[in-house]
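Heads up: the structure comes next, in structure tokens.
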Amino acid sequence: MVALHAYSAAGDDTASALERLALEFDTRPVGAASLAFLFYGCGHDDAAILDFMAAHLPGTPLIGGTSSAGLLCSGRHRDGRSIGLLVVEDEPGFYGVAAASLGEDPSATARRLLLSALDNAGCPGELPDLVWVYQSPGREEQVVAGLRSVLEDSCPIIGGSAADDTVAGQWRLASTEGPLAEGLAVAVLFPSGGIAYAYQSGYRPTGTAGVVTRLAAAATPAAPESRRILEIDGRPAAEVYNEWLAGLLDDRMATGGSILAQTTMHPLAVEAGRISGIPQYLLVHPDAIGEGGSLETFAEVALGARLELMTGSEALLIERAGKVALDAAARLPGGAESLAGGVLVYCAGCSMAVGDGMPAVAKAISRSFEARPYLGCFTFGELGQIVGRNRHGNLMISAIAFGR
């Protein structure tokens, strides 16, 4: 029997937040914990939080880290002063976590940590039901490549990139290895009650599109992709994109710089495949205009990729979160009625755009999860399996659902 327990508390300092969290534990104690997900605001003291975890859940595999300007917990949207925790109680199941700095070769690090996590779960050489990842932003595609070199796409890789409140680099990871300012944590899950997932976006295609005809040098010599688009349809990428947006970026075209706020509701996307003839999109968030009218993005794109202009709204982003949770629950082996609870990853860019509508997001998820315990984080990149392949995207939403 799988049971999930969700806790959250807020405080103006870490000590007061942890004091309130301790009261939650005293009120609703946990039995034999198998795995813990932990998310908190970037202003909190990592060491104090990890000391708390060691005292209250000694020896429990732990994965998580900072979440942008708040978190979601069982029907509530909590602000950036909060600490949230989801504990999985599953004595027959097997769980393992491994974490380390990404180093110079993130793909090799990902492979090594996956194997270590399997060893820590007591399942070396076995295929997990799901891999859940949290990492520092910037090299997600290399991490996915490393994990796929072992797993291919035989199991879903879900998770996200730790975030701060202002894209200032204050994100951190939390694990049993301690806090990491730059790193990767990998969890392998073999739940006894089954597990399911969903990975989608809350945006719609506009019908406007162009082809990537020139890219800047990629992160590694062998990589066919880049996060800096030089040209679309043979013209400066930012110029083309600004035309698609009817001049929305005019004030940035001459000086360059961040365009995150202006582009959250107007991202780009690549078609990841089709289900029953319906295109499935993986989103790419343009974050800055660079030198020579280039377009810098939070995810890599390939030369020759067809980029589609997407559009979103607050209503779509609220609605989609509930649908993703509902979809994950419905895919459980025992159906939605077997749901124990789950974990949500919701893009920080989407949460910033929704703003005061985030309590509605929390409630929509709670309705879909039938008031079961859940915890959600706000990230700067999202991993998931779409049309049978594990990928990294932006402005995406994922949910994992645990069966009882």
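The values are calculated or read from the model by the stated rules, or taken from the named source; none is laboratory data. Please read all numbers here as calculations on a predicted model, not as lab measurements. In this analysis, Cβ positions are derived from the backbone assuming ideal geometry, glycine residues included, and neighbour counts consider all displayed protein chains. Just the protein is used for accessible areas: all its heavy atoms, side chains included, with ligands, DNA and RNA removed. Shrake-Rupley method; radii C 1.70, N 1.55, O 1.52, S 1.80 Å.
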Completion exercise
With criteria (1) within 30 Å of R252 (Cβ to Cβ); (2) part of a helix (DSSP H, G or I); (3) open to solvent by 10 Å² or more (accessible area, probe 1.4 Å), L317 comes up short on (3)
Handout entry: Verdict on R28 being open to solvent by 60 Å² or more (accessible area, probe 1.4 Å), out of contact with any helix residue (DSSP H, G or I) (no Cβ under 6 Å at 6 or more places or on another chain) and of a type in the set (D, E, K, R)
Key = yes
Exercise for the section: Count, please, the residues in region 273-298 that happen to be more than 21 Å from A246 (Cβ to Cβ), of a type in the set (A, V, I, L, M) and modelled with pLDDT of 95 or more. Expected result: 1
Exercise for the section: List every residue pair whose Cβ atoms sit under 8 Å apart, with the two residues 6 or more apart in sequence or on different chains, where the first one lies in region 257-275 and is in a loop (DSSP other than H, G, I, E, B) and the second, anywhere, is among the β-branched types (V, I, T) and at pLDDT 95 or above. Expected result: I259/I289; M265/T311; H266/T311; P267/V284
Handout entry: Within region 116-136, considering residues that are among the polar types (S, T, N, Q) and part of a helix (DSSP H, G or I), the one surrounded by the fewest Cβ atoms within 10 Å (Cβ to Cβ)
Key = S116
Problem - Near pairs, Cβ below 7 angstrom, 6+ apart or cross-chain, from region 152-163 (at pLDDT 95 or above) to any residue that is among the charged types (D, E, K, R) and open to solvent by 10 Å² or more (accessible area, probe 1.4 Å) - result: D153/R389; C155/D129; A162/R172
Completion exercise
Residues in region 370-390 that are under 17 Å from G342 (Cα atoms), part of a loop (DSSP other than H, G, I, E, B) and in contact with a Cys (Cβ under 9 Å, 6 or more places away or on another chain) total 1
Completion exercise
The residue that is nearest to T208 (Cα to Cα), considering only those in region 229-256 that are in contact with a Gly (Cβ under 6 Å, 6 or more places away or on another chain) and in a strand (DSSP E or B), is I232
Practice task
Sort through S294, S258 and tell me the only one that's surrounded by fewer than 15 Cβ atoms within 10 Å (Cβ to Cβ) and of a type outside the set (A, V, I, L, M).
Solution key: S258
Problem - Matching option when the condition is open to solvent by 60 Å² or more (accessible area, probe 1.4 Å), on the phi > 0 side of the Ramachandran plot and among the small types (G, A, S), among G64, G59 - result: G59
